[in-house]
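Remarks on the structure that follows.
Values in this text are rule-based calculations from the coordinates and carry no lab data. The structure presented is a predicted model; accordingly, all values stated were derived computationally and were not measured. No Cβ is skipped: glycine too gets one built from the backbone with ideal geometry, and neighbour counts run over all protein chains shown.
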Amino acid sequence: EAGVAQSPRYKIIEKRQSVAFWCNPISGHATLYWYQQILGQGPKLLIQFQNNGVVDDSQLPKDRFSAERLKGVDSTLKIQPAKLEDSAVYLCASSRSGRENEQFFGPGTRLTVL
Amino acid sequence: QKEVEQNSGPLSVPEGAIASLNCTYSDRGSQSFFWYRQYSGKSPELIMFIYSNGDKEDGRFTAQLNKASQYVSLLIRDSQPSDSATYLCAFHSGSARQLTFGSGTQLTVLP
């Protein structure tokens, strides 16, 4: 079974630029999560999708962050414009519907904002 | 007040010893508790989950939950250098069912 795929693995941008991350979950996993992990901290949930609907986006900074999962499979997370404090690893995870206890994480995208 | 507090690290133990990792949480509605392991530069991987008070054993790992005291711990017996990683405590609250993570404890097992 293929794992959660993410791209790119690394990205370096300047502040005020835009950036997008892509995630493809494990096949058959209806629930998809985006987390932000700042160095030295645990992951923080940004948004959770169930199929193509948003379940929770309470911690997503909506003035600059957006995410979509139009066809209920892969997802993109965008930051526009980026700030220095957005430097972090962005992790995508997925789980089967009703099995939120078993989340599988992708390798992450390390973003550096200069 | 932080929702999840983990014992400050880094923690170093000699090979073969027992490593003890602790976590306290503030949400009394929490029902499910998890321990994730994260190697440097890698993504978190689930190693244990526990729902009921008491102990749960899986190989060299034992998770302990005390809901009255609002703490959960992870014991690693016969620690190996390959156990060196950051261990993240996390919990679900029943209503939101979103995972809330602690900041992690870095464990180093010395050969």
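Can you pick out the pairs among A:LYS44/A:LYS83; A:LYS44/B:LYS67; B:LYS42/B:LYS67 whose Cα atoms lie more than 26 Å from each other?
Working: A:LYS44/A:LYS83 17 Å; A:LYS44/B:LYS67 23 Å; B:LYS42/B:LYS67 31 Å.
Cα-Cα > 26 Å for B:LYS42/B:LYS67; rest within.
Got a sec? Which residues in segment A:26-41 would a label at A:SER7 touch, if it sits 7 Å along Cα→Cβ and we count backbone N under 18 Å?
A:26-27, by backbone N distance to the label point.
With a cut-off of 8 Å between alpha carbons and a minimum separation of six or more residues, what is the relative contact order of chain A in percent?
Details: 290 pairs, mean separation 41.8, N = 114.
Rounded, it is 37 percent for chain A.
Rounded to the nearest 0.05, what FRET efficiency do A:SER66 and B:ASN7 have when you use their Cβ-Cβ distance and R0 = 41 Å?
On the way: r = 37 Å, r/R0 = 0.90.
Working from the Cβ atoms, E equals 0.65.
Based on the Cβ-Cβ distance of B:ASP78 and A:LEU39, what FRET efficiency does E = 1/(1 + (r/R0)^6) give at R0 = 30 Å, to the nearest 0.05? Before the final figure, lay out each step's value.
Numbers: r = 31 Å, r/R0 = 1.03.
Computed FRET efficiency for B:ASP78 and A:LEU39 comes out at 0.45.
Can you compute 3J(HN,Hα) from phi for each residue in segment B:4-14, using the Karplus curve 6.51 cos²θ - 1.76 cosθ + 1.60 with θ = phi - 60°, rounded to whole Hz and x for Gly and Pro?
Once θ is set to phi - 60°, the couplings for segment B:4-14 become 10, 10, 10, 4, 5, x, x, 10, 10, 9, x Hz.
Given Cα pairs under 8 Å that are at least 6 residues apart, what percent is the relative contact order of chain B? Please list the in-between numbers first.
On the way: 273 pairs, mean separation 41.0, N = 111.
With pairs under 8 Å counted, the relative contact order is 37 percent.
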